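Participant: There's a structure below that I have some questions on.
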Amino acid sequence: MPGPLILIVEDNEKNLKLVRDILQFNGYQTVESRTAEKAIEIARTRQPALILMDIQLPGMDGVTALRHLRADPSMRRIPVMAITGSAVSIGRKKALEVGFEGYHAKPIRVRVFVEEVRRILNSRSETKGSS
Ligand code: MN
């Protein structure tokens, strides 16, 4: 049985490949975008179970993209996890405050990263089951 679909939004090729490989190795299906603008289109049509959102992107940034997703009834329930780059990016507390369901700072630490993905997907399915 194919695993849940995860949309990866990442403009850095090396990180994109790493995240894709980790997710596929763990049984998830992946789709990817290098920009937030295109990611929003993909999210609308493919309805992924989770979006992994890089914060620093060419064009629209990840926080702005989250606002667009939350403003659209067809996408507002898709959980979004922030993947942040450097010291100039946002921290965990801020990420959760602005509405991300999860947070991971680069460099990617494989085990912690996968645990965070699982946590978000599990909490989502529990919410669905109880409502
Ligand atoms: Mn980036």
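Computed from the coordinates by the stated procedures, all read-outs in this text should not be read as laboratory data. None of the values given here were measured: they were computed from a predicted structure. Counting neighbours? That spans all protein chains shown, and the Cβs are built from the backbone with ideal geometry, glycine included.
Participant: Would you mind telling me which residue in Val112, Val63, Val80 has the biggest mean-square fluctuation in a Gaussian network model of the chain, where springs connect alpha carbons within a distance under 10 angstrom?
Facilitator: Val112
Participant: Ok, one more. For the chain, just list the percent of Cα-Cα distances falling in each 5 Å bin from zero outward, please.
Facilitator: Bin by bin from 0 Å, the calculated values are 2, 11, 23, 27, 23, 11, 3, 1, 0.
Participant: Next question, about the same structure. Give the percent of DSSP beta bridges with both residues in the range 26-131 that are antiparallel, rounded to the nearest 5.
Facilitator: Numbers: 0 of 8 bridges.
That works out to approximately 0 percent antiparallel.
Participant: When the dipole is taken about the Cα centre of the chain, and only Lys, Arg (+1) and Asp, Glu (-1) are charged at their Cβ, what size is it in debye, to the nearest 20?
Facilitator: On the way: 21 positive and 15 negative charges, 59 e Å.
Dipole size: approximately 280 debye.
Participant: Further question on the same structure: Would you mind ranking Arg67, Arg124 by Cβ crowding within 10 Å, fewest neighbours first?
Facilitator: Details: Arg67 12, Arg124 17.
Ascending Cβ contact count within 10 Å gives the list Arg67, Arg124.
Participant: What value, in deg cm²/dmol to 500, does the helix sum -39500 (n - 2.57) over DSSP H runs of n ≥ 4 give at 222 nm once divided by the residues of the chain?
Facilitator: Working: 5 runs with 61 residues, N = 131.
One gets -14500 deg cm²/dmol as the mean residue ellipticity at 222 nm.
Participant: Report, to two decimal places, the Cα Rg of the range 1-68 normalised by 2.2 N^0.38 Å (N = number of residues). Could you put the intermediate results ahead of the total?
Facilitator: Details: Rg = 11.4 Å, N = 68, 2.2 N^0.38 = 10.9 Å.
The value comes to 1.05.
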